[in-house]
C-alpha cells in the first residue's frame, strides 16, 4: 500500500483546492518558513482521525478552516481527502483504492467518508489501527516530536513500541472490556440491590399470596356452595309456598262455600224473619181488632144493661149515673194505678162468667134430661161426657204444647240472655283486645321506626368503617411495601458500604483488605460528608479522585500497590498524608469572588471532614470555588482572571485558563458514594417511622376490624329483629283487622240478640197467659167430666123425686142465671174499666161522654136503642170476636213454627260462621307463612344478586345434581369460619407476587449471566494481556536488536540499547533509551546534544521500520538539527527503505532534497494562501542523462 493522492480544500492556508500526487520513493516538500508546508502533514494527520486541536496547532477544531486574509473572505468548510493504493490488501477492506474524506463546518458539524460513503470517525480510526499508521505510531513525525520522544516518560514512550507491535487494538479492546467490566459490575451492583429489595419483598408477599390464594380458593368454594345452598333454600321455600298456597286455596274455596251457605241461610233467615214480622204484624192487628171487638161487646152489654136499668128505675138510674159520673171523674186520676188490677179482675171475671155460663147450661141440660126421656137424657149426658173428654184432651194437648212452647221459649230466652251476656263479654274482651293490639301495633311501629333508624345509622357506620378499613388495609399494605423496600434498600446500602460497591476493582480490593494492610485511612468519598445541595458540584470537581485511597504515608501506599499486584486486583490511586499538601485560593481572589453575585464558597469549606485528612481535602478541593450557576461561575472566573477553577451547583465548570466544561448526560457513578451514608441513615430513620406508623395503623385496623365485626353482628341482629318485628307488625295488623271485624260483628250480633230477647220476653208473657187460660179451662173440663159422670151415675140410680129435683134444679138455675147475669155485668163493667184504663184518658172521656150522653138523652126524653137491637149487635160482636180469636190462634201457631225455623237456621249459621272463622284463621296463618316465605325468597334472590351478581335461573342451571344440604351447610359454616380466621386479605398480592417473583427470577438469571459475562471478560482480558505481552516482548526484542545495529550505522560508530524499566511487568513497563555516540561514555538521553537526540530518534525510527515495515512515513523537518554529514547519511538511509516505504519529507536541507524522487514547493504568492509547485526529479535526471 502507498499514499497515492492528497486533496486539500479550505484546510488552514490551503484556501483553494490543492491536489498532491505521491509517487514511490521519497517525496520532499520544501518552501520558506510560514508557507504552509506543515499544513500538508497536519491535513494527513487530520483526515486519518486526529481529534486533538492542540496537536494540529489550534485551540478549537474549527480553527483548521481557512479563516480568510485581507483580500479573501473566510470560508465555512474545510475538506481533506486521502487516496490510498490498496492493491496489496494492506488495509482490511475489499477495495484496491481507498479514499478517506473528512469535512468540517464552522457550526461544528463534521462528515466522514470512506470511498465517498458516510461513516463514523471511529471507522476511520479502526481502519488504520495496528497498521503502523496510527496516531501513536512513528509513521508521522511532526515538528518537535523528536524532542518529545526523549523528553517523555519511559511509560509514555511505550506507546510507540505497542503501535509497532500491533497490540494497540488489543489495548483498546481491553479498555473496552474494562469499561464493560465496570458497567457489568455496576449492573451487578444494581441487580444485587434490586434483588435484595425483591428478596425482602418476596417472603411477606408469598405469605400474603398464600393467604390470598387460600381466600380465593375458599371463597370460590364458598361461593359455589353458598349459591347452591341458596338455590336449594329457594326451591324448598318455593315448594313450601306452593303447598301453602294450595292449602290456602282449598281453605278459600271451603270458606267460600261456607260463606255462600251462610249467605243463603242469612237470606232465608232474613226472609223468615220478614215473614215472622208480617205474621206478628197481622197477629198484632188481629189482636187489636179482637180487643176492640171485646170493647164493643162490653159497651153493647153496658148499653143493654142501661136499657134494662132504665126500664126499671129511671130516676134511680139518673141519680146513679150522676154518681157514676162523679166517681168516674174522681177515679180518673187513679186509672193508671188500677190498670194492673183491672186486668187481673177481668181475667177472673171472664172465668167466672164462663163457669156460670157452663153451670147454667149444665142445669139447663139437667132439667131437659130430668124433664125429657131418661134414655135421651142419658144419651145426651154421654154425648156431653164424650165432648167434655175430647175438649179435655184437646186442652191437655194444648197445655202440653203451650208448656213445651213456654219451656222452649224460656230456654231460648235463657239461651239468648246467655248469648247476650256471652256476646257482651266477648265484645268487651274484643274491644279491650283491640285497644291492646292497637297500642301494641302503635308501639311496634314506633319500635320499627327506631329499628329502621338504628339499622340505617349502623349500616352507614358499617359502610364508613368498611370503607375506612379497606383504605387503611390498602394503606397498611402500601406501608408494608414501603417498609420492605426501605429495609431492603437500607440493607443493600449497608452491604454496599461494607462491600464498597460502586468502587473501582483496585479500590475495592484495598478497602476490603484494609484490616490486613497498615496505614489505610479510607477513601476520599468515605472521609467527607457532602451536603445534598453540593453533591453534584463536588462530584464533578473530584471525578475519579473521590475513589482515591487516603493512606498514612508512602510506605502504606507502596504496600497497598504491592498487594494489588500480587492479587492482580486492579489499580488504585493513593494519597499519603505525609506528602499531600493543601492548596488554596489566593486571598485577593477570594475577596473578588466573594463580592460577585452567586458566590457560595470554597469547595473544601462546604464539606465536613476529619482534621486528620484536612490536607488531602484542601489539596483536592481547596483551589475550587463553588458558584450558584454557570452565569455566576463565568462572572467569578472573570473576576479572578481565570486563575482558579469555578464549578456551579449543576456541575458546569469554568476551568483555569478560561475553558468551560458542562452539559447533560448520565450521572457519574461516583455521585452515589457521597450520599450512601446519609441515605442509609435517613433510611434507618424512615424505617423506624414506618414501623411505628405501621404498628399504629395495624392497631387502628384491628380496632376497626373489631368494630366492623361488632357492627356486622349488630346489623344482623337489627335485620333479624326488624324482620321479626315486621312479621309481628303484619300479624298485629291482621289481628287488629280481625278484632275490628269481630267487634263490629259482635255489636251487630248483640243488637240482634237484644231484639230477639225482647221478642222472646213478649212471646213468653203471651204464652204464660195462654197457658193459664188453658189450665183454667182444663180444670173446668175436669170438673165438667166429674159432674157429667156423677149425673150419669145419678140418672142411673135416681128414679124418684123428679119434681123435687126439678124445683131444685130450677132454683139452682135461677141462682146461677142471676149470678151469671151479675157476673156478666161485672165483667162488662171491668171490661169497660179496662178499656177505659187501656185507652187512659180517651177511654175515660168516652165513658164520661157516654154517661153524659145518656143523661142528656134522659133529660131530653129521648129513647135509647131498643133491647132487641142491642141483643142482635151483641150476638154479632160475639161472633166476630170468636172469629178473631181463631185467626189469632192460627197466627200464633204460624209464628211459633217460623220462630223455630229461624232459631234452627241461626244455630246452623252460627256453626257455619264458627267453621268459616276457623278456616279463615288457618288461612291467615298460611298467608303469614306465605308472606314469610316471600320475604325469605326475595331476601335470597337479593342476596344472590348483590353478593354474587347472579340470577336464580343461572344459579339453578349451574347447580350440581348430587349435593347434600346438611353437609353443604356444615361446609359453608366451616368455610366462613376459615375465611374469617384469615384476617385482612390482599388479593393484589397474588399478581404482585407473580410480578415480583418473575422479576426476581429474571434478575437472578441476569445476575448469573452478568457473572458469567464478567468471568468471560476476565478471561478475555487475560488472553489479551497474554497476547499483548507476547507481541510486545517479541517486537521489543526485534526493535532492540535492530536499534543496536542501526545506531552505529547512523552515528558511524558507538552503541545504543533499549531497556525495560520493569521486565517483570510487560504490560506497564516503560522503555529507556541508552545511547553512546562514538567517543563518548554511555549516558542518558538528556545529556545528548540536539543533533544526537534527533539522530538517535531517527535510528529508532529506522529500527522500527526494519522490524515492522510501514507503507509510508511522513517526516516534518525531522533532520533539522543534523549537520550536513549526518543529513547526507540520513538521506542515504532513506533510500535503503524507499523500496518498501514511501517517505514524505518536509525539509529545508539540501542533502535531503538531493535524495528525493519528487519535489513539491509550497509558496504564498498571495499572502495567507498556500500554493503548490511540483517537480519530478527522476524525470529531470533522465533528461540530463539523455542530454
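Ordering 1113, 119 by the number of other Cβ atoms within 10 Å of each residue's own Cβ, fewest first, gives 119, 1113.
If you take the square roots of the eigenvalues of the alpha-carbon gyration tensor of segment 1020-1109 and sort them as a ≥ b ≥ c, do you get rounded (a/c under 1.5), prolate (a/b over b/c) or oblate?
prolate
The ranking of 1024, 660 from fewest to most other beta carbons within 10 Å of each one's beta carbon is 660, 1024. When both segment 612-668 and segment 207-269 are represented by their alpha-carbon centers, they are found 89 Å apart. Arranged from fewest to most other beta-carbon atoms within 10 Å of their beta carbon, 563, 274, 1135 become 274, 1135, 563.
So what's the gap between the Cα centers of segment 1122-1143 and segment 413-479, to the nearest angstrom? Between the Cα centre of segment 1122-1143 and that of segment 413-479, the gap is 126 Å. Relative to its residue count, segment 588-642 spans a Cα convex hull of 76 Å³ per residue. Restricting the calculation to alpha carbons of segment 1070-1127 gives Rg and Dmax of 12.5, 36 angstrom.
Alpha-carbon geometry of segment 503-668: the Rg and the Dmax are 17.1, 53 Å, given in that order. Only Cα pairs under 8 Å and 6+ residues apart enter the sum, and on that basis the relative contact order of segment 1020-1109 stands at 30 percent. Peptide packing for 179-188, 698-707 was compared via the average number of neighbouring C-beta atoms within 10 Å per residue; ordered from the highest value, the list is 179-188, 698-707.
Just so you know, all these numbers are worked out from the coordinates, no wet-lab data involved. Keep in mind that this is a model prediction, so the values were computed, not measured. Glycine gets a Cβ as well: all are built from the backbone with ideal geometry, and neighbour counts include every protein chain shown.
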